[in-house]
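Asks: One structure, pasted below without further comment.
Derivation of every value follows stated rules applied to the coordinates shown; laboratory data play no part. All values derive from a computational prediction rather than experimental measurement. Positions of Cβ are generated from backbone atoms using ideal geometry, with glycine treated the same way; all protein chains shown enter the neighbour counts.
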Amino acid sequence: MEYSIKGREALERASRQEGNTRWWTDQTMSYDWKAPIPADPFSAEWFDASDARFLHAARLFTGEENPFSGLMDLASLAGKRVIEIGCGMGYHSELLARSGAHLTSFDISPTSVEATRRRLELRGLKAEVELLDAESVDQTIPASSVDLVWSWGVIHHSAHTARIVRRLHGLLKPEGRLKLMVYHLGGMSAYYTIVRRYLAGFWMGRALDDMLWKDADGFTARFYTRDAWSDLLLAFFDKVEVRVFGQDADVVMLPRQVRRPFLSLIPRKHQIALAAHRGSMIYAEASQPN
């Protein structure tokens, strides 16, 4: 079955999920689209190079060498039950497994499941890595049994994002936490798409969602404002904290070769501040009060 970008909002929900599965199976998030990684795929050297690129892209999130150590609160996870939605190439799975958590990672893509299992085997780490649509996670994990649900840039690609949040909420213990990232409608990349594509596309009857999907990775992708995303989470959780994270392109929206000289003129602390203001990602932590 062939899919096109135009008119994807008219697709049936099941067809969107099928499209998501195919897209992420064929186009893994391995950070090698600009320049191939000079190593055999899914080798230790390949994972190391992919991780280095990922961490470089994340360096403006918090200013720390590895921002995910603090965001995940890895030091507190030993012996805890953790669910990861969307393991991708397994970098976050590795961090969570190293923390001593009892980890189960899910992904809709067989390629991602294979990669993550291979990574953990190479690192000598153990976790359950399963092929599963996040909309079915409550059929696999018992209710009220999970300490932490982690998901980075995943559930906004689903046909039923709010349904996934509801089901993840049901998995958490009363003191459990949900930590996840989705795309930011108020970010620089979204504004660039609106200016470059939508202002002309509007007169041709094209929806804003279609324009945003076309410029984003994945088969489909929803974008949220901070307020809209907080409001959705508050339908299930009593406490929600939201932050914005960004990358180089959110600081200077220019092609990479041109961007680098401009970035060198901006002090790092100002880069971090700009990324936190107009970044392309919304990170949220949600919980019930103790």
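Asks: Per DSSP H run of at least 4 residues, take -39500 (n - 2.57); add these up for the chain, divide by its residues and hand me the 222 nm value, nearest 500 deg cm²/dmol. It would help to have the intermediate numbers written out before the result.
Replies: Details: 12 runs with 113 residues, N = 290.
About -11000 deg cm²/dmol.
Asks: I need the peptides 151-160, 134-143, 261-270 ranked by packing, meaning the mean over residues of other C-beta atoms within 10 angstrom, with the highest value on top.
Replies: On the way: 151-160: 22.3, 134-143: 15.5, 261-270: 10.3.
Packing order, densest peptide first, comes out as 151-160, 134-143, 261-270.
Asks: On to the next question. Students often get this wrong, so check it: of Lys179/Lys214; Lys80/Lys179; Lys80/Lys173, which have C-alpha atoms separated by over 20 Å? Let's see the in-between values first.
Replies: Numbers: Lys179/Lys214 27 Å; Lys80/Lys179 15 Å; Lys80/Lys173 11 Å.
Long pairs (Cα-Cα over 20 Å): Lys179/Lys214.
Asks: Cross-link partners among aspartates and glutamates for Lys239, C-alpha distance below 18 Å, same-chain residues fewer than 8 apart left out?
Replies: By straight Cα distance, Lys239 reaches Asp73, Asp147, Glu175, Asp227, Asp231, Glu285.
Asks: From the Cα gyration tensor of region 42-113, with a ≥ b ≥ c the square roots of its eigenvalues, which class applies: rounded if a/c is under 1.5, or else prolate if a/b is larger than b/c, or else oblate? Intermediate values should be presented prior to the final figure.
Replies: Details: a/c = 1.79, a/b = 1.03, b/c = 1.73.
Since a/c reaches 1.5 but b/c is at least a/b, the shape of region 42-113 is classed as oblate.
Asks: Over the chain, calculate the relative contact order: mean separation of alpha carbon pairs under 8 Å at least 6 apart, over the residue count, as a percent. It would help to have the intermediate numbers written out before the result.
Replies: Details: 516 pairs, mean separation 56.1, N = 290.
That works out to 19 percent.
Asks: Of the residues Ile164, Ile194, Ile108, which exhibits the maximal mean-square fluctuation in a Gaussian network model of the chain defined by a 10 Å Cα contact cut-off?
Replies: Greatest mean-square fluctuation among the candidates belongs to Ile194.
Asks: Compute the Cα gyration tensor for region 56-173, then decide on rounded, prolate or oblate, letting a ≥ b ≥ c be the square roots of its eigenvalues: rounded whenever a/c is under 1.5, prolate when a/b is larger than b/c in the other cases, and oblate in all that remain.
Replies: Details: a/c = 1.32, a/b = 1.28, b/c = 1.03.
It comes out rounded by the Cα gyration axes.
Asks: Now for a different question. If you take all C-alpha pairs in the chain, what percent of them are over 23 Å apart?
Replies: Tail of P(r) above 23 Å: 57 percent of Cα pairs.
Asks: Which of the listed residues, Tyr183, Ala134, Ala286, is farthest toward the dipole's positive end in the chain, when Lys, Arg count +1 and Asp, Glu count -1 at the beta-carbon?
Replies: About the Cα centre, the residue reaching furthest to the positive side is Tyr183.
Asks: Also, quick follow-up: Treating only the Cβ atoms of Lys and Arg (+1) and Asp and Glu (-1) as charged, compute the dipole magnitude of the chain about its Cα centre; round to the nearest 20 debye. Before the final figure, lay out each step's value.
Replies: Values: 36 positive and 36 negative charges, 152 e Å.
Using Cβ point charges on Lys, Arg, Asp and Glu, the chain gives about 720 debye.
Asks: Okay, next question. Grab the other residues whose beta carbon is less than 10 angstrom from that of Glu285, score K and R as +1, D and E as -1, and report the net. Each step should come with its number before you reach the end.
Replies: On the way: positive: Arg177, Lys179, Lys239, Arg243; negative: Asp73, Glu241.
The answer is +2.
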